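Before any comments, here is the structure.
None of the figures in this text is laboratory data; all of them are computed from the coordinates on show. No experiment lies behind these values; they were computed from the predicted model shown. Neighbour counts run over all protein chains shown; Cβ positions are idealised from the backbone, glycine included.
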């Protein structure tokens with residue numbers, strides 16, 4: 001514990017029915033410091049931060065601000081005490097402007113009406129302090145994800161907090177946009193704010209923080225200066241074992257072309273996209289957020305219409321008018337937003353796994369319960385979904401296990417082509433390694449895989465080839481072994497192959 005801590009949490013414990021979420025955890029952060037918190041899903045990071053935010057009351061332990069013990073009875077009291085939270089799930093109103101969102105709850109008024117001029121000026125002043133170049137009159141719903149993330153931070157910053165908690169702030173950002181966010185974090189620490197930074201991206205933790213605290217199974221493992229720890233050491237402390245490779249690459253035999261896309265276009269999103277993926281091959285799609293990667297994937301899968309282009313599976317042209325046609329053609333798609341598009345949260349593990357193959361587990365329009373259970377049990381075991389039971393609701397699982405359920409659903413369908421859009425976003429390092437082992441096994445079975453990821457080390461480590469998109473066009477095709485610099489040059493449009 002440091003003597004100059006603006007925040008000191010001592011002996012924090014918290015239990016829920018049947019679960020010991022936190023056990024006597026100590027944590028502190030200084031003004032002007034970025035202190036990272038890492039750990040697998042379920043390690044206690046979110047619970048500790050919710051105690052700090054006043055969402056949960058600790059069973060034991062004390063919280064001190066500037067050396068004075070406080071009771072954070074609810075989120076309002078936490079905000080009043082200067083604690084700002086930026087959650088991974090953004091909490092913005094899309095139909096309001098940037099200025100209205102930033103000053104939501106403290107909108108300036110004049111004669112009982114909103115003072116639009118003061119609203120814009122105050123919001124502009126906050127954005128200028130953060131060196132954020134966003135128009136105050138733009139609707140938040142029209143912004144990119146990275147711009148929305150900045151608005152969320154500006155909203156918290158406008159309340160003049162002493163401490164800011166950033167929970168997975170770069171999960172939807174590209175490498176380039178992450179660096180912009182880091183500059184904003186630098187502006188906050190220069191102003192004397194204490195920043196608590198939660199991320200599964202360990203390289204970012206090493207880049208941005210001065211200290212790192214590792215949690216495992218609700219307990220404090222260690223707190224160290226970031227300069228004195230490596231990513232490999234963090235992984236060992238987080239999981240209790242060595243993971244020699246977070247992104248293991250399995251060498252497999254590459255076969256004939258399974259997917260061929262020619263001249264795929266959609267006005268305003270992407271133009272003249274042509275690509276091929278062979279059996280057993282992993283084709284990486286890289287590029288900045290907004291470059292068109294997800295839009296191309298959605299068009300191939302039939303979620304969005306295309307204006308032009310041919311799609312062939314094993315040399316045969318297929319007419320994909322919607323996801324049903326894509327599944328029948330042998331294409332599966334793991335979307336970037338699993339909670340919105342990948343799972344039905346209120347349904348069980350079993351029900352989610354069988355969704356894509358209901359015709360195989362039903363007869364005369366009725367589900368055959370034994371067939372459904374057998375299929376779900378087989379796929380859940382194959383992917384080591386935790387818990388091992390297949391009856392719990394999917395929304396009770398960790399992010400990594402939710403993602404495994406999405407994989408299990410499509411594995412049951414036995415696709416010829418599998419499109420993976422940010423497959424390891426928001427999952428811990430252990431689940432990340434598990435998912436990449438699954439990807440390697442699928443490739444070994446002959447599945448053609450398209451991998452979209454904003455995490456460059458992921459794309460570089462597992463792809464056999466990389467296509468880089470810039471402004472909706474392919475700007476480069478790079479071989480396995482390409483460098484991050486080459487990818488970023490192509491992603492920013494500095495050269496076209």
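Overview of results
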item: Cα Rg over Rh - the chain, Kirkwood; result: 0.98
item: Principal axis dimensions, segment 357-397 - Cα atoms, whole angstrom, descending; result: 33, 20, 14
item: Under the Debye formula (equal points on every Cα, no solvent term), log10 I(q)/I(0) of segment 257-491 at q = 0.10, 0.13 Å⁻¹; result: -0.45, -0.76
item: Length released on extending from residue 337 to residue 23, taking residue separation times 0.36 nm less the Cα-Cα span; result: 109.8 nm
item: Globularity ratio of segment 5-239, using Cα Rg and 2.2 N^0.38 Å; result: 1.03
item: Fraction of beta bridges assigned by DSSP in the chain that are antiparallel (%, nearest 5); result: 60 percent
item: Förster-model FRET efficiency, 60 Å R0, residue 362 and residue 73, C-beta, rounded to 0.05; result: 0.70
item: Per-selection Rg to Rh, segment 411-473 - Cα, Kirkwood hydrodynamic radius; result: 0.96
item: FRET E, pair residue 115, residue 257, Förster distance 45 Å, beta-carbon r, rounded to 0.05; result: 0.15
item: Helix-only mean residue ellipticity at 222 nm for the chain, each DSSP H run of n ≥ 4 adding -39500 (n - 2.57), per residue, nearest 500; result: -9500 deg cm²/dmol
item: Distance between modelled label sites at residue 57 and residue 413, nm, 7 Å Cα→Cβ extension; result: 4.8 nm
item: FRET E, pair residue 224, residue 64, Förster distance 25 Å, beta-carbon r, rounded to 0.05; result: 0.70
